[in-house]
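Colleague: Take a look at the following structure, please.
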Amino acid sequence: DLIKTYAKTLNWDWRLLASQVYQESKFNPRASSWAGASGLMQVMPATAESLGIKDVTNPKESLRGGTNYLKQMYEEFSEVKDSINRIKLTFAAYNCGLGHVRDAQRLAEAEKLNPDEWKAVSQMLLKLRYRKYYGKPFIKYGYVRGTEPVNYVNQIFERYEHYSTFIRAADQESTASTE
């Protein structure tokens, strides 16, 4: 119910947010990462403080803060007209930081690719693992472990497809059994 409530603040399908929460913490409110992130939404300590999260292990606080942060990232991509590309860029920024995604967009543009398309940006995030690319003068944030945000976004969307299919089938089965 909390995921459904907070997904509404983003105007997203709750199953998409649920897929991200699973990706972040496997629904464990006490999960913590090697990088110091914790809670359902795996929020970093400085980000938690800036979002007013007092207890990251509290599911309601973690979801409130995490979805507020997602909303901030989503607004950063207001120039992206395609909603799926915009959401994918948002998830990538949530995972590796807005600066790295902006670097990947600048690199895409330099390589004559569309900086608003996830496919192009994901290719550039992968390139930003190499000095040849992250050493370019217009790259501001440098090296990024590009496979992480690319896999992160792709796995969230794969799981979302599974959730959507499974829940739709369960709803149809439930409807059929009540008729």
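The values are calculated or read from the model by the stated rules, or taken from the named source; none is laboratory data. This structure is a prediction, so every number in the text was calculated from the model and none was measured. Cβ placement follows ideal geometry from the backbone for every residue including glycine, while neighbour counts extend to all protein chains displayed. Side chains are part of the model used for accessible areas, which takes the heavy atoms of the whole protein and leaves out ligands, DNA and RNA. Shrake-Rupley method; radii C 1.70, N 1.55, O 1.52, S 1.80 Å.
Colleague: If one takes the longest principal axis of the Cα atoms in the chain, at what angle in degrees, from 0 to 90 and to the nearest 10, does the Cα axis of helix 14-25 lie?
Modeller: 70 degrees
Colleague: While we're here: Set Lys and Arg Cβ to +1 and Asp and Glu Cβ to -1, take the dipole of the chain about its Cα centre, and tell me which of 58, 147, 22 lies farthest positive.
Modeller: So the residue furthest toward the plus end is 147.
Colleague: Would you work out which of 92, 104, 38 lies farthest towards the positive end of the dipole of the chain? Charges go on Cβ: Lys and Arg +1, Asp and Glu -1.
Modeller: The listed residue farthest towards the positive side: 104.
Colleague: Grab the DSSP H runs of the chain that are 4 residues or longer, score each as -39,500 (n - 2.57), total them, divide by all residues and round the 222 nm result to the nearest 500 deg cm²/dmol.
Modeller: Estimated from H runs of four or more residues: -21000 deg cm²/dmol.
Colleague: In square nanometres and to one decimal, what's the mean projected area of the convex hull around the Cα atoms of the chain?
Modeller: So the mean shadow area of the Cα hull is 11.3 nm².
Colleague: Something else about it: Any idea of the accessible area per residue across the chain, 1.4 Å probe, to the nearest Å²?
Modeller: 55 Å²
Colleague: Quote the accessible area belonging to residue 165 in square angstrom, nearest 10, computed with a 1.4 Å probe and with ligands, DNA and RNA left uncounted.
Modeller: Accessible area of residue 165: about 80 Å².
Colleague: List every residue whose amide H lies under 5 Å from the amide H of residue 43, counting only residues 5 or more places away in sequence or on a different chain, with H placed 1.01 Å from N in the peptide plane.
Modeller: When sequence neighbours closer than 5 places are left aside, the close amide H contacts are 38.
Colleague: Around residue 21, with a cut-off of 11 angstrom between Cβ atoms, what is the net charge of the other residues, counting Lys and Arg +1 and Asp and Glu -1?
Modeller: +2
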